[in-house]
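Just so you know, all these numbers are worked out from the coordinates, no wet-lab data involved. Since the structure is predicted, the reported quantities are computational estimates derived from the model, not experimental observations. Here Cβ is always computed from backbone atoms with ideal geometry, including for glycine, and neighbour counts include all displayed protein chains.
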There are 2 protein chains.
Amino acid sequence: MTVAAERALASTLARIEPVDAAAGEEAQRLLDGKTKPRGSLGQLETLVCRIASIRRTATIGPLRPALVVAAGDHGVAVEDVSAYPQQVTRQMLENFAAGGAAVNVLSNEMGARLVVVDAGVVEPVEHESVRSLRLGAGTANLAVGPAMTRWQALSGLAKGIELAEELAGDGFGLLALGDMGIANTTAAAALAAALLPAEPEAVCGRGTGIDDAGLGRKVAVVRRALARHGARRDDVVGTLADLGGFEIAVLAGVCLGAAAARVPILLDGFVTGTAALVAARLSAASAEHMIAAHRSPEPGHALVLAELGLRPLLDLGLRLGEGSGAALALPLVQSALVLLAEMSTFEAAGVTDAGV
Amino acid sequence: MTVAAERALASTLARIEPVDAAAGEEAQRLLDGKTKPRGSLGQLETLVCRIASIRRTATIGPLRPALVVAAGDHGVAVEDVSAYPQQVTRQMLENFAAGGAAVNVLSNEMGARLVVVDAGVVEPVEHESVRSLRLGAGTANLAVGPAMTRWQALSGLAKGIELAEELAGDGFGLLALGDMGIANTTAAAALAAALLPAEPEAVCGRGTGIDDAGLGRKVAVVRRALARHGARRDDVVGTLADLGGFEIAVLAGVCLGAAAARVPILLDGFVTGTAALVAARLSAASAEHMIAAHRSPEPGHALVLAELGLRPLLDLGLRLGEGSGAALALPLVQSALVLLAEMSTFEAAGVTDAGV
């Protein structure tokens, strides 16, 4: 099984290619013919060109979006690093299944297919709308030992790859990512600190709302985890196993599978960003397939986005996770693509082109 | 006629009331019961509360939006302050009528009713989808004399008020604003400089894309206009007449009419922001009814937003005008309201509320 997952990973990494800059340039040329001053749609123009380069064609309209929200539990929750008790992960998974969470409302509003994944909560949720890609009943406490085995990490990557391939095969042209997991910003902080690298203080934030004492515990936990992690730093899968989370492993796999399928990846906040960083460390070209939906107030998020070379579309102080920021940025992505497809040209509309 | 317009203005100003802070607090209380950490939807929560306070009720769902795009020509265009020739105002009005401009694509995408207004281009556009609220065949050159008469300014305000009342009466619960007019950022800069007040250099930007020499001419024109304007500074309608534009007068009227009807106003960029500043100087309470869609790169825009006490939702380097930024922010507004209406509460979903 480890061998099969290792092969799936290696084969996917081999298929991820750099994006096509020429398609992006062609998209810019098309935008420059539209009835507007050149560049006046600002960051939306950059976005259109990026998507064209990812899709390897400037002939693009709106993309059929799916939003993958992966949930997992974290052994490190015993260190009292979250404002919420661990059972809230499962309760929220049930809320997703029942349709009452923010991400349900938003994915419905944006016309995105919501794919809820149980990557390994402590107690499974049996529901037709929850996809089981379980790697275990929650990770172990990363403060005292590896969060998961190497096999689990590889298996999570492989399951994420497979899910992305399936969604791409079903015609989804854009994959947005979301996460749920009590204490998962602690795992993301440890992982980001190891991969960037960065000091614990620079990547630890208040998550769902811990107080000063909780933040102090979080920083201390990340420091202990990094000290323990030590020598494995050149092994990305080993780092993921040591410090990551089940949902993070699956989401990193989704990034890789999407990149291999030339499907743009719309990131959410700090946790999905850290999953993306894992993917980028495994394949630098995968990062060229990513779009940052928003910047969260988690201090580590800005560092991760900078490392990935991404400028976020939104900066609204969102710190909910669940893919809520990704869903909120979707209309910007779709609008930018519709503008490319539907706006008149100077020539067709008989508007004088000042060439600026 | 001047007397009738003055009466309409006075009656509208008398009807504009401060918003209801209690309704906003009730909306926050409702949001705090939803299955998410308190405040985790960031600026969207502030937005929901603001709209509740404007509508004077926390019982609000998505609002039926209309986007009013007003066009006018500017005599100051003879000073060579725009990258585009004056006839482009009319050409773009025809493009709006034909459905090929960015704002057509975006208002269609967002499900907003587009209301295109000819507030006074040099040569009228006869088209069923263009509403004629003409104040003249373009303004006079504000660098050498008043842009319009006091009667025209009052008439523009009255026409805008009437349009907003009509749209509110037709059930539109949110009015977004857009503008079109070659050289209108020069008029907006002069008007903003007089009303804030601010130095010409602080409010003049590159508009659709003028070069350094053009920017120098623009600053010089604004400086001359302000010197000429001199003593009329305590008379807002007089300042509007002296330095404004026909579309700016109508848009300022729309702000006042919307505020009187308790309808939220979604601003676009610098020109609509300056129209909003005119409205705010006539009625401070009208500004409480405004929402800033985005921040444009025009340097005066940030000053105007700060003066209005508004924090923009988007910051994407948009500098197209036409209401494009307002249209792009619409899904954020609607999503925020749908989240309030549709998300489950902790109690209903059986999710543990940590109270943070």
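Overview of results
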quantity: Residues of segment B:16-29 that turn out to be over 20 Å from the mean Cα position of the chain (by Cα) and either within 18 Å of B:His289 (Cα to Cα) or within 14 Å of chain A (Cβ to nearest Cβ) (or both), as a count; calculated: 9
quantity: Filtered residues of segment B:25-36 (kept if buried (at least 21 other Cβ atoms within 10 Å of the Cβ) and either touching a Ser or Thr at 6+ places or on another chain (Cβ under 7 Å) or not small (Gly, Ala, Ser) (or both)); calculated: B:Leu31, B:Lys34, B:Thr35, B:Lys36
quantity: Residues being over 19 Å from the mean Cα position of the chain (by Cα) and not in a helix (DSSP H, G or I) - total across segment A:149-180; calculated: 3
quantity: Residue match in segment A:211-229 (condition: within 28 Å of A:Leu63 (Cβ to Cβ) and in contact with a Gly (Cβ under 8 Å, 6 or more places away or on another chain)); calculated: no
quantity: From the options B:Ala4, B:Ala10, residue that is part of a helix (DSSP H, G or I), touching a residue at least 60 places away in the same chain (Cβ under 8 Å) and more than 23 Å from B:Leu174 (Cβ to Cβ); calculated: B:Ala4
quantity: Unmet requirement for B:Arg90, which otherwise passes all of (1) crowded, with 19+ Cβ neighbours inside 10 Å; (2) within 13 Å of chain A (Cβ to nearest Cβ); (3) in contact with a Gly (Cβ under 8 Å, 6 or more places away or on another chain); (4) among the charged types (D, E, K, R); calculated: (3)
quantity: All positions within segment B:30-53 that are over 13 Å from B:Val338 (Cα atoms), facing chain A (nearest Cβ under 8 Å) and basic (Lys, Arg); calculated: B:Lys36, B:Arg38
quantity: Where a residue in segment A:36-61 is within 22 Å of A:Ala287 (Cβ to Cβ) and touching a residue at least 60 places away in the same chain (Cβ under 8 Å) and its partner, wherever it lies, is hydroxyl-bearing (Ser, Thr, Tyr) and crowded, with 21+ Cβ neighbours inside 10 Å, with Cβ under 8 Å and at least six apart; calculated: A:Leu44/A:Ser335
quantity: Flag if B:Leu303 is surrounded by 22 or more Cβ atoms within 10 Å (Cβ to Cβ) and more than 14 Å from the chain's Cα centre (by Cα); calculated: no
quantity: Condition broken by A:Pro146, with the remaining ones in (1) over 20 Å from the mean Cα position of the chain (by Cα); (2) assigned to a helix (DSSP H, G or I) satisfied; calculated: (2)
quantity: Of all residues in segment A:62-80 being among the aliphatic types (A, V, I, L, M) and over 19 Å from A:Gly120 (Cα atoms), the one that is farthest from the other protein chains (Cβ to nearest Cβ); calculated: A:Ala66
quantity: Selected residue (criterion: nearest to the other protein chains (Cβ to nearest Cβ)) from residues of segment A:182-207 that are part of a loop (DSSP other than H, G, I, E, B) and farther than 12 Å from A:Phe270 by Cβ; calculated: A:Ile182
quantity: Residues within segment A:331-356 that are at the interface with chain B (Cβ under 8 Å from one of its Cβ atoms) and either basic (Lys, Arg) or touching a helix residue (DSSP H, G or I) at 6+ places or on another chain (Cβ under 8 Å) (or both), tallied; calculated: 14
quantity: Failed item, numbered, when A:Asn104 is tested on (1) among the polar types (S, T, N, Q); (2) closer than 18 Å to B:Val351 by Cβ; (3) more than 10 Å from every other protein chain (Cβ to nearest Cβ); calculated: (3)
quantity: Positions within segment B:288-324 being free of Cβ contacts under 8 Å to residues at least 24 places away in the same chain and either away from chain A (no Cβ under 14 Å) or basic (Lys, Arg) (or both), in sequence order; calculated: B:Arg295, B:Ala302, B:Ala306, B:Gly309
quantity: Number of the exception - B:Ala193 against (1) surrounded by fewer than 24 Cβ atoms within 10 Å (Cβ to Cβ); (2) within 21 Å of B:Thr239 (Cβ to Cβ); (3) touching a residue at least 24 places away in the same chain (Cβ under 8 Å); calculated: (1)
